[in-house]
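Quick notes on the structure that follows.
The values are calculated or read from the model by the stated rules, or taken from the named source; none is laboratory data. The model shown is predicted, which means the values in this text are computed figures rather than measured ones. All Cβ positions, glycine included, derive from the backbone under ideal geometry; neighbour counts span all protein chains shown.
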Amino acid sequence: MGIVAADDGNSLAQYGNQLRRRVEAQRVVTVDVKVTPRSRLAEVYDVTSDGVLKVRVRAAPERGRANEEVSEVLAAFLGMPKSGIKLVGGSSSQRKRYRVEAVQRTATRVSSDGARATDHTPSKSTK
């Protein structure tokens, strides 16, 4: 599944960069999303003037599949692990609200064969 961020101009890329900086600075940010399920591509393709991200996903809106794919698309768009992105509103609507938390690398495990794995956990917000 190739997840891409379509960029018809610089505004979407600029918004993505601003959003990443806000997450880094504030540790927790709420993002509004308008989803189009059953699309040919999985992508963030636009941002409205009021900051709503428009996202297309391939999955049908059944049993949470589209919601799960939106999380994956947002994670790819923001360049962060999916573990920091949680659906907090609109689970059965095209308009959704996601909570995006900064994720810290907390531990590196080394398995018996010498392979390394890094755990990612959402950081604690200080509100």
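Data overview
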| read-out | value |
| --- | --- |
| Subset of segment 65-80 [modelled with pLDDT of 95 or more and surrounded by fewer than 16 Cβ atoms within 10 Å (Cβ to Cβ)] | 65, 68 |
| Test: residue 48 is closer than 18 Å to residue 97 by Cβ, surrounded by fewer than 18 Cβ atoms within 10 Å (Cβ to Cβ) and in contact (Cβ under 8 Å) with a residue 40 or more places away in the chain | no |
| Residues of segment 81-103 satisfying the condition of being surrounded by fewer than 15 Cβ atoms within 10 Å (Cβ to Cβ), outside any loop (DSSP other than H, G, I, E, B) and free of Cβ contacts under 8 Å to residues at least 60 places away in the same chain | 83, 86, 88, 89 |
